[in-house]
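S.K.: Before I ask anything, let me first share the structure, which is written out below as structure tokens.
The values are calculated or read from the model by the stated rules, or taken from the named source; none is laboratory data. Since the model is a prediction, treat every value here as computed from it, not as a measurement. All Cβ positions, even for glycine, are placed from backbone atoms using ideal geometry, and neighbour counts span all protein chains on display. Surface accessibility is based on the protein's heavy atoms, side chains included, excluding ligands, DNA and RNA. Shrake-Rupley method; radii C 1.70, N 1.55, O 1.52, S 1.80 Å.
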Amino acid sequence: MTSPSTPKKTPSSARAGAASDVATSYEAAQEELEQLVAQLDAGQLPLDQLLTRYQRGAELLAFCRGRLEAVENQIKVLEGGELKPWDAA
């Protein structure tokens, strides 16, 4: 178990790796990804933290892409197997 004196390392190490831990929803993953991008863009993190956050961002990006692809496939089924252009108007 992790000691209470290292709270900063616990969330990132607990989240890293497990695919089921990536996010609870597309929106949550997107929000976390936006926060990570802001941290990386700031350029104020030590190299090891940059790498850890980059890896987490890659996991979140893969999760979001997977969710979007799943929704697209559901739309194909609903549209009779043919993907039609989205008319947002």
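S.K.: Please identify the pairs in which a residue from the stretch 22-49 that is more than 27 Å from Arg67 (Cβ to Cβ) has its Cβ atom under 7 Å from the Cβ atom of a residue that is polar (S, T, N, Q), counting only partners at least 6 apart or on another chain.
M.R.: Leu45/Gln39
S.K.: While we're looking at this one, here's another question. So which residues in the stretch 54-71 are farther than 16 Å from Ala28 by Cα and either open to solvent by less than 80 Å² (accessible area, probe 1.4 Å) or small (Gly, Ala, Ser) (or both)?
M.R.: Correct list: Ala70, Val71.
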